[in-house]
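Everything below concerns the one structure shown next.
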Amino acid sequence: MKKAIGLLEYRSVTRGMVCADTVVKSAGVELLQAATVCPGKFLVLIAGDVGSVQSAIESGTVIGEDVLIDQFILANVHDAVFPALNATSNVDPEGALGIIETFTAAAAVVAADLAAKTAQVELIEIRLARGLGGKSFVTFNGDVGSVTVAVEAVTKALAEEGTLVDQAVIPNPHRELWQQLV
């Protein structure tokens, strides 16, 4: 059962690939993503039980410590995070739209998990640094009050870390925008 998720973000593609191989071999984890992202970074995203994810992240941190940009382990990740990472969430395009933009991929995943745990929102997508100059973003929807609460909670947490780029709540997005997002 996937209850934990871990991410390693490297500034070296070559070392990122070596670390991805080491991470998967070091513990019983599932490799969700191992990919290059802008600008020349490499992400390793894994899932599994908490102990295995911790062990794998420790291995990837030690081997790539001189090129490691960011990393995290979420021990009790919200179930909605997994489909949002693949943009396969099944959500109705209604209500308000929340948007959180971050400087790192790790911060975007943490933001999505926090938003889903804070308020009655549905995660739409977690876009991790592809074609975004290294930045990432999260989109989610729900009623205006819930989306506002989630955006405020995430904004506070990320602002303290210095990883927040911007955020917004669109109370009633135009249907053409919804069609592009879901």
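Bear in mind these aren't lab numbers, they're just calculated from the coordinates by the rules spelled out. All figures in this text were calculated on a predicted structure; none of them were measured in a lab. Cβ atoms come from the backbone with ideal geometry, glycine included; neighbour counts cover every protein chain shown.
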Report summary line: Placing one equal point scatterer on each C-alpha of the stretch 4-74 and summing with Debye, one gets log10 I(q)/I(0) at q = 0.28 Å⁻¹ equal to -1.27
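What GluC sites (Glu not before Pro) does the stretch 75-141 have in DSSP loop regions with at most 16 other beta carbons within 10 Å?
Glu94
Mean separation of Cα pairs under 8 Å and 6+ residues apart, divided by the residue count of the chain: what relative contact order is that in percent?
Working: 419 pairs, mean separation 40.1, N = 182.
Over the chain, the number comes to 22 percent.
When a/c reaches 1.5 or more, the comparison of a/b and b/c decides; with that in mind, is the stretch 92-135 rounded, prolate or oblate per its Cα gyration tensor?
Working: a/c = 2.78, a/b = 1.61, b/c = 1.73.
Since a/c reaches 1.5 but b/c is at least a/b, the shape of the stretch 92-135 is classed as oblate.
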Report summary line: Check: C-alpha center the stretch 142-158 vs C-alpha center the stretch 57-79, spacing in Å is 26 Å
Report task. Determine the dipole magnitude for the stretch 83-145: charges of +1 sit on the beta-carbon of Lys and Arg, -1 on that of Asp and Glu, nothing else is charged, the reference point is the Cα centre, and the result goes in debye to the nearest 20. Result -> 340 debye
Requested in this report: Compute the relative contact order of the stretch 4-74 as a whole-number percentage, counting only Cα pairs closer than 8 Å that sit 6 or more residues apart in sequence.
Outcome: 48 percent
Query - Dipole of the stretch 4-74, positive direction: furthest Cα of Ser26, Phe42, Val53, with charges on the beta-carbon - result: Phe42
Report task. Please go through the stretch 1-68 and write out the trypsin sites (Lys or Arg not before Pro) that DSSP classes as loop and that have at most 10 other C-beta atoms within 10 Å. Result -> none
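What value in Å³ per residue do you get for the convex hull of the alpha-carbon atoms in the chain? It would help to have the intermediate numbers written out before the result.
Numbers: hull volume 18.1 nm³, N = 182.
Hull volume over Cα atoms, normalised by residue count, gives 99 Å³.
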Query raised in the report: Using a simple charge model, +1 on the beta-carbon of Lys and Arg, -1 on the beta-carbon of Asp and Glu, nothing else, what dipole does the stretch 4-74 show about its Cα centre, in debye to the nearest 20?
Result: 180 debye
Report summary line: In debye to the nearest 20, the charge dipole size for the chain, taken about the Cα centre with +1 at each Lys and Arg Cβ and -1 at each Asp and Glu Cβ, equals 380 debye
